[in-house]
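The values are calculated or read from the model by the stated rules, or taken from the named source; none is laboratory data. This structure is a prediction, so every number in the text was calculated from the model and none was measured. When we count neighbours, we look across all protein chains shown, and the Cβ atoms used for this are built from the backbone with ideal geometry, even at glycine.
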Ligand SMILES: Cc1cc2nc3c(=O)[nH]c(=O)nc-3n(C[C@H](O)[C@H](O)[C@H](O)COP(=O)(O)OP(=O)(O)OC[C@H]3O[C@@H](n4cnc5c(N)ncnc54)[C@H](O)[C@@H]3O)c2cc1C
């Protein structure tokens, strides 16, 4: 029979768990472990919590100005776990619709004839799309569908990935679409767009006719262009802050883990605190730091397969640049929200809602790029980057050139950030079985060292994935039989000792 001592059914009673990283995975793991009756301490390298959920607040004199989401900004409503925590933590009243790419008919997208409004783009998009096909004898609806699918992929994928995918909306898929009545899926006020979401929801079997790489990328295309996406009105950082406020154990910032040594009886962390490095010996550790960071530190006692996955997991960069503008000038241009696909180095431009006092200005998320596009931007100096973005974006929005229009700029190149060295894991190119094998290996513990974070989940690159992995890790620890702890505990030296 299991020993039950304080924690609900935990084998071996309450455990002492050190969590590395105060991103959403670390915080949820700590919160869930405490709920199961365990004792936690969270160690965070930076001076902030939230990790890749990062809300930047511009200030206007001594008043707090509008904010920009430089990390995660939206939650697909179908992300059950994330929505569950939002409700459980009392944030439901902050949930608002997130308006995404192409949701505003007045937003722009590039074409062979320059920037077009979404509402006027169909003819050019269809002509451009048709010109790229070997056989052009498809029904009007089929071509309209293909043109909007292609435009959505182009807006979401990094350029290089799109170039590879572009030819994959192939003949087999179009032939099949030609036999389906697509009229019910025409949407937009003039019926000149296609509702891809409703179509794929009603015809899931069509996905199997998509070329494999397109099929695997489709979820992201549908998630990111869905009308069922939400945001938090006062900023996404409310989520990690609210979880943190519910954790009783200590959350220490400014403590960088620089080495991990796994032994049979314990896990020793080397932690840099200012100029000192301490060794902390722990029974259990949940490591949520990205593998990009982990592979730069000294790791001992890991098995070879684990080291391989730590070193080989692929991450993509992301760069976001936000302009604090004197006013929401795009509203005068008829754009009430959503996003334009700008292309070039800028890639995507979002118009976040200006909920606050208009006297404090408005935020334009001028540029959001991922993958090689983000790498290219991050290689530029800050001044060069801002100049490139302004130059490209002012073709579409010449108001940016007006003196005094841009009051401030804030950006984050996640590929260069010391605590992430990337934005997220990407597994787009992989078969489902390989993706799952990689996920399992990423999450597989090393004795008392457990793993969580978006990279260990079935929903990488989303908050949902980070939360899923955190819950899994908390439950694995709950059911883990204390190992050699029983044998070695008596002989172990003091739990924290200073080293060189
Ligand atoms: C630009 C961008 C846009 C995104 N957009 C969305 C979106 O719209 N919706 C969505 O759901 N998801 C989005 N994501 C993904 C989402 O933000 C992440 O999947 C999620 O926040 C990852 O959480 P995590 O806890 O796994 O990792 P992190 O948030 O990275 O947490 C890891 C923590 O470990 C800390 N750390 C690192 N190294 C050390 C060390 N050596 N010692 C101690 N601590 C350390 C870090 O500082 C960090 O706080 C986006 C991500 C980015 C970058």
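Some observations on this one:
- Residue ID - nearest to residue 32 (Cα to Cα), chosen from residues in region 51-87 that are part of a strand (DSSP E or B) and within 16 Å of the ligand (Cβ to nearest atom): 75
- In a residue-by-residue description of region 272-279, the property of being in the same structural domain as residue 482 (by TED's automatic domain parsing) and within 16 Å of residue 452 (Cα to Cα) applies to no position.
- Qualifying residue in region 110-122 (condition: under 23 Å from residue 171 (Cβ atoms) and in a helix (DSSP H, G or I)): yes
- Test result for residue 289, within 11 Å of the ligand (Cβ to nearest atom), closer than 30 Å to residue 157 by Cα and either surrounded by 14 or more Cβ atoms within 10 Å (Cβ to Cβ) or at pLDDT 95 or above (or both): yes
- Any hit, region 265-284, residues being within 11 Å of the ligand (Cβ to nearest atom), part of a loop (DSSP other than H, G, I, E, B), crowded, with 17+ Cβ neighbours inside 10 Å and touching a residue at least 12 places away in the same chain (Cβ under 8 Å): no
- Against the test of being within 19 Å of residue 333 (Cβ to Cβ), away from the ligand (no atom under 16 Å from the Cβ) and without any contact (Cβ under 8 Å) to a residue 40 or more places away in the chain, the options 121, 107 yield a single qualifying residue, 121.
- Any hit, region 479-494, residues being in contact with a strand residue (DSSP E or B) (Cβ under 6 Å, 6 or more places away or on another chain) and either modelled with pLDDT under 95 or outside the structural domain of residue 270 (by TED's automatic domain parsing) (or both): no
- Some residue of region 304-315 being within 12 Å of the ligand (Cβ to nearest atom) and farther than 25 Å from residue 99 by Cα: yes
- For region 374-409, residues that are without any contact (Cβ under 8 Å) to a residue 12 or more places away in the chain and in a helix (DSSP H, G or I) total 7.
- Residue list for region 45-62, restricted to those being touching a helix residue (DSSP H, G or I) at 6+ places or on another chain (Cβ under 6 Å) and closer than 28 Å to residue 325 by Cβ: 50, 53, 60
- The set of residues in region 33-50 that are crowded, with 24+ Cβ neighbours inside 10 Å and more than 22 Å from residue 258 (Cβ to Cβ) contains only 33.
- Selected residue (criterion: nearest to the ligand (Cβ to nearest atom)) from residues of region 457-478 that are over 27 Å from residue 217 (Cα atoms) and in contact with a strand residue (DSSP E or B) (Cβ under 9 Å, 6 or more places away or on another chain): 473
- Comparison of 361, 301, 371 shows that the only residue that is in contact with a helix residue (DSSP H, G or I) (Cβ under 8 Å, 6 or more places away or on another chain) and either surrounded by fewer than 23 Cβ atoms within 10 Å (Cβ to Cβ) or touching a residue at least 12 places away in the same chain (Cβ under 8 Å) (or both) is 371.
- In region 232-244, the count of residues that are outside any helix (DSSP H, G or I), closer than 27 Å to residue 309 by Cβ and at pLDDT 95 or above is zero.
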